[in-house]
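Worksheet: the structure to be examined is printed underneath.
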Amino acid sequence: MFMDNNICKSKYKYLFFDLDGTLLDFNKDHEKAFNLAAKKLNIKIKGSYKIYDKINSMLWNKHALGEIEIKELKLKRFQMFFEEINCESDPAEFKSLMTSEMKNTGFPIKDAKHILKKLCKKYKIYAITNGIEEEQCHRLKNAKIDCYFSDVFISQTLGVDKPKKEFFDKVLNAINLNSTENILIIGDSLKSDILGGINSGIDTCWFNLKNERNDSNIKPTYEVGSLKEVLKLLE
């Protein structure tokens, strides 16, 4: 879904980029951190990461619905994982190891650095992400893309998650913007980034890397299949 590029180029001044799944490869980062932590605790169950990932995704979905607080989620995912594989290792120790190892990850999505480098010359760029502050900031730095952002807004720090309007209200307040007219949100999640933008009256660009079908009522302003298409849309 595209609008005339000339209109697009002249309209926006501020770009709000999601991180995980848009600029950072969360799946690679998380799996790497998990495997390193599991190795330190000598966990060798086949398919361990897939089991953990399923539990982790389920809990994050519950968190998005307001059914579990992030503080509880951070430990519960490991408790449930160990119960599933009948392991007596300490969930709190695994949590600590995962957090430590996540700080050492930071795989950028293809073309992330290239497009940010170009776009930052014409736009003010901000990161908007649901996640844990100590992890996200380190990963941005490791991916060597932190320098392109005017600021980074993390749900844990703001005390509220996307897609809630309050998240975006706090971001707008922090950067002293009274209007949403010149802002574009770019993100991979319809339920988080795109819905959040719609609820806040902000134009959205759905980064649909996996070419998924959108059967929902959540309709983005634009849709792209690669970061290069984002660049083409805005340049």
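Miscellaneous remarks
- Viscosity 1.002 mPa s, temperature 20 °C, Stokes-Einstein D of the chain from Kirkwood C-alpha radius, µm²/s: 115 µm²/s
- Restricting the trypsin sites (Lys or Arg not before Pro) of segment 56-164 to loop positions (DSSP other than H, G, I, E, B) with no more than 10 neighbouring Cβ atoms within 10 Å leaves K121.
- Computed [θ] at 222 nm, helices only, for the chain once each DSSP H run of length n ≥ 4 contributes -39500 (n - 2.57): -14000 deg cm²/dmol
- Within segment 64-147, none of the chymotrypsin sites (Phe, Trp or Tyr not before Pro) combine a DSSP coil assignment with at most 10 other C-beta atoms in a 10 angstrom radius.
- Of F81, G47, N61, farthest towards positive along the dipole that unit charges on Lys, Arg, Asp, Glu beta carbons give segment 27-102: G47
- Compactness relative to 2.2 N^0.38 Å, alpha carbon Rg of segment 1-118: 1.36
- With the highest mean first, a sort of the peptides 63-69, 187-193 on other beta-carbon atoms found within 10 angstrom per residue produces 187-193, 63-69.
- Relative contact order [Cα under 8 Å, 6+ residues apart], the chain, whole percent: 26 percent
- Sequentially through segment 45-56, phi angles give Karplus couplings (6.51, -1.76, 1.60; θ = phi - 60°) of 5, 5, x, 4, 5, 4, 5, 4, 4, 5, 5, 4 Hz, Gly and Pro residues having no value and appearing as x.
- Length-normalised contact order for segment 27-102 - Cα pairs under 8 Å, 6+ apart - percent: 43 percent
- 18 Å tail of the calculated P(r), segment 148-235, as % of Cα pairs: 45 percent
- Each Cα pair under 8 Å and six or more residues apart adds its separation to the average, and for segment 111-178 the resulting relative contact order is 32 percent.
Only the coordinates and a few stated rules stand behind these numbers; no lab work does. All values reported here derive from a predicted model rather than from experimental measurement. Counting neighbours? That spans all protein chains shown, and the Cβs are built from the backbone with ideal geometry, glycine included.
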